[in-house]
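S.K.: Here you go, one structure.
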Amino acid sequence: MASIADALIATVFAPVCLSCARVLDAPTRSPVCDTCWARIGRFAIPACDLGPRSTTLSHVHAIGPFEDILRDVVHGLKFQGRRTLAARLGPLLREAAGDLLDDADAVVPVPLHPWRQWRRTYNQADLLAATLGRPVWRVLRRWRATPPQTALDRHARQANVRHAFALGGWMPGAAHRARRRIEDRTVVLVDDVLTTGATLDACARVLLDAGARDVRAVTVARA
Ligand SMILES: [Zn+2]
């Protein structure tokens, strides 16, 4: 049911769905129309059963393939400042994660480099992690500003991110505190898109080296 604010905004500004470009009935609720949202492609089986197993992550789940509407949604969340999409993705992400969350101690968002986060003003992985109903542990930092992954092949991506992550935040003693927290814990990494898995793998490696018992991952989409 569209509110008066929605009716006014829809009439005056006529914002359109970021996927199908039709005028939105309820623009204050979401930048994607209900028709598109209902048509988001979903995996019928866990994403980790679709391809080669990761050597670091015990499970990797995703909502669906990185194409069509889900690609538009990720781009909206990541590059167009549409932060409200994270909350709307929450239920789909929880469903995709399934029992990975049940016995997990916490969720860990994949960090952005501080410079990139400062320019974007938020970390989309952090917003997504906050929707999962588990404690959010920001125990990783990205200390190397890696070039965008999209232009690189698989080996270049792995080399690109291999040493990009470290334990802890930017405050003194943060690495030590993060290590004490992670030891013998089960955590779920959260990111927007899984492409080659190099980024999640690099993060999982840091957590396992710090003594994590089990590291899993959930992402919005899988390329
Ligand atoms: Zn639409």
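The values are calculated or read from the model by the stated rules, or taken from the named source; none is laboratory data. Owing to the predicted nature of the structure, the values given are computational and were not obtained by experimental measurement. Here Cβ is always computed from backbone atoms with ideal geometry, including for glycine, and neighbour counts include all displayed protein chains.
S.K.: If you take the residues of the range 30-42 that are part of a loop (DSSP other than H, G, I, E, B) and touching a helix residue (DSSP H, G or I) at 6+ places or on another chain (Cβ under 7 Å), which of them is farthest from the ligand (Cβ to nearest atom)? Before the answer, list the steps.
M.R.: Residues of the range 30-42 that are part of a loop (DSSP other than H, G, I, E, B), as a first pass: 30-33, 39-42.
Filter once more, keeping what is touching a helix residue (DSSP H, G or I) at 6+ places or on another chain (Cβ under 7 Å): 30-32, 39-41.
Values: S30: 10, P31: 9, V32: 6, R39: 8, I40: 11, G41: 14 Å.
Checked the range 30-42; the qualifying residue farthest from the ligand (Cβ to nearest atom) is G41.
S.K.: Go through the range 103-125 and count every residue that is crowded, with 19+ Cβ neighbours inside 10 Å and either assigned to a helix (DSSP H, G or I) or not assigned by TED's automatic domain parsing to the domain that holds V73 (or both).
M.R.: The qualifying residues number 2.
S.K.: Looking at the range 103-120, I want the residues that are under 18 Å from R179 (Cβ atoms) and among the charged types (D, E, K, R) and have a partner that is modelled with pLDDT of 90 or more and surrounded by fewer than 21 Cβ atoms within 10 Å (Cβ to Cβ) with Cβ atoms under 6 Å, at least 6 apart or on another chain. Which pairs are those?
M.R.: D105/R185; D105/T186
S.K.: Of L85, L57, L50, L77, which residue is buried (at least 20 other Cβ atoms within 10 Å of the Cβ), more than 13 Å from the chain's Cα centre (by Cα), in the same structural domain as A97 (by TED's automatic domain parsing) and not basic (K, R)?
M.R.: Values: L85 fails: more than 13 Å from the chain's Cα centre (by Cα); L50 fails: buried (at least 20 other Cβ atoms within 10 Å of the Cβ); L77 fails: more than 13 Å from the chain's Cα centre (by Cα).
After ruling out the rest, the residue left standing is L57.
S.K.: Return the pair list, or none, for Cβ contacts closer than 6 Å from residues in the range 165-177 that are among the hydroxyl-bearing types (S, T, Y) to residues that are surrounded by 11 or more Cβ atoms within 10 Å (Cβ to Cβ) and in a strand (DSSP E or B), at least 6 apart or on different chains.
M.R.: none
S.K.: Step by step: first the residues of the range 8-23, then only those that are exposed (fewer than 14 other Cβ atoms within 10 Å of the Cβ) and at pLDDT below 85, then the one that is nearest to the ligand (Cβ to nearest atom). Which residue is that?
M.R.: A14
S.K.: Condition first: within 17 Å of V193 (Cβ to Cβ) and surrounded by fewer than 16 Cβ atoms within 10 Å (Cβ to Cβ). Now tell me which residues in the range 126-148 satisfy that.
M.R.: Once the filter is applied, which keeps residues that are within 17 Å of V193 (Cβ to Cβ) and surrounded by fewer than 16 Cβ atoms within 10 Å (Cβ to Cβ), the range 126-148 yields P147, P148.
S.K.: Related question: Please verify whether V161 is in contact with a Leu (Cβ under 7 Å, 6 or more places away or on another chain) and either surrounded by fewer than 19 Cβ atoms within 10 Å (Cβ to Cβ) or among the hydrophobic types (A, V, I, L, M, F, W, C) (or both), treating the condition exactly as stated. So that I can check it myself, show each step before the final result.
M.R.: Working: in contact with a Leu (Cβ under 7 Å, 6 or more places away or on another chain): no; either surrounded by fewer than 19 Cβ atoms within 10 Å (Cβ to Cβ) or among the hydrophobic types (A, V, I, L, M, F, W, C) (or both): yes.
Taking the combined requirement at face value, the residue does not satisfy it.
S.K.: Please go through (1) out of contact with any Asp or Glu (no Cβ under 7 Å at 6 or more places or on another chain); (2) farther than 26 Å from A212 by Cα; (3) touching a residue at least 40 places away in the same chain (Cβ under 8 Å) for R22 and return the number of the only condition it doesn't satisfy.
M.R.: The single condition R22 does not satisfy is (3).
S.K.: Of all residues in the range 126-146, which are small (G, A, S) and either over 21 Å from A175 (Cα atoms) or assigned to a helix (DSSP H, G or I) (or both)?
M.R.: Step one: of the range 126-146, the residues small (G, A, S) are 129-130, 133, 145.
Result: A129, A130, G133.
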